[in-house]
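This report concerns only the one structure given below.
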Amino acid sequence: MDKISMTDIRKKNYSDVYRLIYQEQRISKSKIAAMLEMSPPTVTQHLCSLSEEGLIEKQGQLSSSIGRKAAAYAPRALARAAVGVEVLPDRASAVVIDLYGTVIEKNTRPLTFSLNPYYFASLGDLIQDVLNSAQMESDAVLGVGVGIQGLVAENGREILYGKILDCTGLTIQPLEEQLPYAVRFVHDAECAAELELWRHQGLTDAIYLSLGTHLGGAIITDGRIQRGRTGRTGTFEHMTLAEKGRQCYCGKQGCMECYCSADALLKEKETLDEFFTLLRNGESQHQKRWLEYGNWLALALNNIHMVMDSVIILGGHIAPYLTQKDLDELFAAIQNRTAFPEQDNFLRLGSQEGDPIATGAAIPFIRSFLDSI
């Protein structure tokens, strides 16, 4: 059995003090000592170290009905930050998040995706500009996550499959050369799933399905995103729904992508705003299209749920337009198909914040930093 050294004990105490302050957000020294069963001198030592490193600060005093008011210690949410980027064919968005995952700055620019050096220089400028707007020093930046429509190598440095952007084989190096930070690619659906895990700490098992312009998905088990043997776990978009059906960008026919993505719902040049405005106003052709779309989606969701009996979280561009009535009707359509009807609706809407892909791309850097303390 390995011996525990004094260094190990000090490191654990240091970590415990910081984690408690992070969790409580404002707490007194005496309460830290009581909750951690730690001596006041030991707590004082770690508070001094954390303050010197800029991770915590005194933040006023805590109210008290008796005696002297105690100083409140609080985490410095901006002691570190991370950048998340969403890359799309015609634009890119960048956000800066603090240690609580809160977006403190964001910027979106028209930027046509390309493999030429000018594109990566422009993307680097966007990232640096959003950091400058957030007034973040370089040494406080934990890294940059780039959410992209493609399957990504486990180390985040290469696109293994990128048919949508025609970027298969692209490495992180062209962007890395533009920035003094750690940079990695993240599959866009996994970004959104990361955000769900961050926002819902008790989430253990779920399917995440992004109903975006293109489909994407992720499987969460035991609170972790599963990548599989070759990184293709959760690629529901290429499950076959219709033999010899509609042509998919992957080169095959009848994929779920062709029936359940936002592109499959909309006509050319039509927007989701336009579609759902007419749908909610009762326009018959849009109601007909929505019913057909819902039937295909119910078929796909039933197949998925038969494989993994868990909550299914719906996100992506369509999600903000969905109502509870839509979820109930979709669940009813699933129940009509399934061999195992259930009473409780297992469909949930994902996080509705403005930039879930970009925000989720930055979360792993925050999580790694907190785990390292």
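Charges at C-beta only: +1 for Lys and Arg, -1 for Asp and Glu. How large is the resulting dipole of the chain about its Cα centre, in Debye rounded to 20?
760 debye
Starting from the Cα gyration tensor of the chain, multiply each eigenvalue by 5, take the square root, and state the resulting semi-axes largest first in whole Å.
The answer is 42, 26, 20 Å, longest axis first.
Run down the lysines and flag those whose C-alpha is under 30 Å from the C-alpha of Lys269, throwing out any fewer than 8 positions away in its chain.
Lys106, Lys163, Lys244, Lys252, Lys288, Lys325
Per residue, how much accessible surface does region 215-354 expose to a 1.4 Å probe? Answer in Å², no decimals. Intermediate results must be reported in sequence, preceding the final value.
Working: 7650 Å² over 140 residues.
Counting only protein heavy atoms, the per-residue value for region 215-354 is 55 Å².
Show the residues, 5+ positions off or on another chain, whose built amide H is closer than 5 Å to the amide H of Gln59.
Ala72, Tyr73, Ala74
Which ³J(HN,Hα) values, rounded to whole Hz and listed in residue order, are derived for region 28-38 from phi using the Karplus coefficients 6.51, -1.76 and 1.60 in 6.51 cos²θ - 1.76 cosθ + 1.60 with θ = phi - 60°, glycine and proline given as x?
Taking θ as phi minus 60°, the curve returns 8, 4, 5, 5, 4, 4, 5, 5, 9, 6, 10 Hz for region 28-38.
Grab the other residues whose beta carbon is less than 15 angstrom from that of Asn155, score K and R as +1, D and E as -1, and report the net. Write out the running numbers ahead of the final one.
Values: positive: Arg157, Arg184, Arg227; negative: Glu154, Glu158, Glu176, Glu190.
Charge balance in the 15 Å sphere: -1.
What fraction of the DSSP beta bridges in the chain is antiparallel, stated in percent and rounded to the nearest 5?
Values: 32 of 50 bridges.
Percentage antiparallel, nearest 5: 65.
Please give every one of the lysines within straight-line cross-link reach of Lys31, meaning a C-alpha to C-alpha distance under 26 Å, and leave out same-chain neighbours fewer than 8 residues apart.
Candidates past the 8-residue exclusion: Lys11, Lys12, Lys58, Lys69.
Explain nothing, just the number: dipole magnitude of region 235-337 about its Cα centre with +1 on each Lys and Arg Cβ and -1 on each Asp and Glu Cβ, in debye rounded to the nearest 20.
Around 240 debye, computed over region 235-337.
Amide H of Arg91 versus every other amide H placed in the peptide plane: which residues, excluding those fewer than 5 positions away on the same chain, fall under 5 Å?
The answer is Leu111, Phe113.
List the residues of region 280-306 whose backbone N lies under 20 Å from a point placed 7 Å from the Cα of Glu268 along the Cα-to-Cβ direction.
286, 289
Apply the Karplus curve 6.51 cos²θ - 1.76 cosθ + 1.60, θ = phi - 60°, to the phi angles in region 180-196 and return the couplings in whole Hz, x for Gly and Pro.
x, 10, 5, 10, 8, 7, 9, 4, 4, 5, 5, 4, 5, 5, 4, 5, 4
Can you work out the Karplus-derived ³J(HN,Hα) for every residue in region 262-276? Use 6.51 cos²θ - 1.76 cosθ + 1.60 with θ = phi - 60°, whole Hz, and x for glycine or proline.
The phi angles translate into 5, 4, 6, 7, 8, 7, 4, 6, 7, 9, 5, 4, 5, 4, 6 Hz.
Summarise the accessible area of the chain (1.4 Å probe, protein heavy atoms) by the percent that is carbon and sulfur.
Ligands and nucleic acids excluded, carbon and sulfur reach 49 percent.
Under a 5 Å amide H to amide H cut-off, with H placed in plane at 1.01 Å, what residues pair with Ile104 once short-range neighbours are removed?
Residues meeting the amide H criterion: Val96, Ile97, Asp98.
Run the helix sum for the chain: -39,500 (n - 2.57) per DSSP H stretch of 4+ residues, divided by residue count, reported at 222 nm to the nearest 500 deg cm²/dmol.
Here the helix-only value at 222 nm equals -12000 deg cm²/dmol.
Residue farthest toward the positive end of the dipole of the chain, with Cβ of Lys/Arg at +1 and Asp/Glu at -1: which of Trp290, Thr277, Val43?
Projecting each Cα onto the dipole axis, the largest value belongs to Val43.
The values are calculated or read from the model by the stated rules, or taken from the named source; none is laboratory data. As the structure is a computational prediction, the values presented were derived from the model and not from experiment. All Cβ positions, even for glycine, are placed from backbone atoms using ideal geometry, and neighbour counts span all protein chains on display. Remember, those area values only see protein heavy atoms, side chains included, never the ligands or the DNA or RNA. Shrake-Rupley method; radii C 1.70, N 1.55, O 1.52, S 1.80 Å.
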